[in-house]
1. Ordered by packing density, taken as the mean number of other Cβ atoms within 10 Å over each peptide's residues, highest first, how do 141-150, 183-192 rank?
2. Extension gain residue 89-residue 167, at 0.36 nm per residue separation less the Cα-Cα distance, in nm?
3. Which far-off residues, 5 or more places away or on another chain, put their amide H under 5 Å from the one on residue 196, with H placed in the peptide plane?
4. Determine which aspartates and glutamates satisfy two conditions relative to residue 121: a Cα distance under 17 Å, and not lying fewer than 8 residues away in the same chain.
5. Place +1 on the Cβ of every Lys and Arg and -1 on the Cβ of every Asp and Glu in the range 78-204, take the dipole about the Cα centre, and give the residue among 102, 185, 158 whose Cα lies farthest towards its positive end.
6. So what is the relative contact order for the range 48-134, in percent, with contacts set as C-alpha pairs under 8 Å and at least six apart?
7. Using the crude model of +1 on Lys and Arg Cβ and -1 on Asp and Glu Cβ, and no other charge, please compute the dipole size for the range 110-200 relative to its Cα centre, in debye to 20.
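Rule-based calculations on the coordinates, nothing more; no lab input. Because the structure is predicted, anything quoted here is derived from the model rather than measured. Using ideal geometry, Cβ is built from the backbone for each residue, glycine included, and neighbour counts are taken over all protein chains shown.
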Amino acid sequence: MSRTRAFLLSLLLLGFLDGCASVPPPHVAASPLTLPSEERAQVLYSLKEWQASGSASIQTARGSESFSYRWREGPAHQELSIYDPLGRTVARLTADSDGAELQTIDGKREKAQSLEALLAKVLHVQLPARELPLWMLGLTSGASAVQRNAEGLPETLHSGDWDIHYLRYGAVGGLQMPSLLQADGPEGVRLRLAVTRWQLGAGS
């Protein structure tokens, strides 16, 4: 590893110890000190905890729906909170080794074997919940085809029945992280996901 890469990696690990990294506002210039794509992938695959929040929209033949979200990943736990335009928690989905649970705004609870089954009940469309965290991080595991940009970052992935397009990245704690992506699936389903805040590493 060159001195420059070692320096970048040390900066990145120091950032993780702080437990928080976020996409800079559009008017703030991104730091040029970011890891190359190969080292970036190694760091992200090793992450045990992270959190992303932002806004999303889903388009289907029946219409479109927009919402805000927060996705949290831990060593043995997942949590997805979905919010309405007023910031109220419409649904909270959690999953661990024992299964998944959905709690709605009216206090109702429902359990299932997988997060994917409950997510379909909330969003009224079938989304690949297992792959979503990888797509959000910009990782290519499970993809059958990958196109990369000039910096070596994923630009387009083909995964199962889905095509994922990375429309924008932002510098976060020494890493280039997706800040806008679009996933096109079967039957004209389109998921558009904006990440306005990332928290990477312990403390997320």
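1. The peptides rank, most packed first, as 183-192, 141-150.
2. Details: separation 78, 0.36 × 78 = 28.08 nm, distance 2.77 nm.
Here the answer is 25.3 nm.
3. Amide H neighbours of residue 196: 53, 54, 55.
4. Straight-line reach from residue 121, under 17 Å: 65, 79, 84, 101, 106, 110.
5. Highest projection toward the positive end goes to 102.
6. On the way: 160 pairs, mean separation 13.3, N = 87.
Answer for the range 48-134 is 15 percent.
7. It comes to approximately 300 debye.
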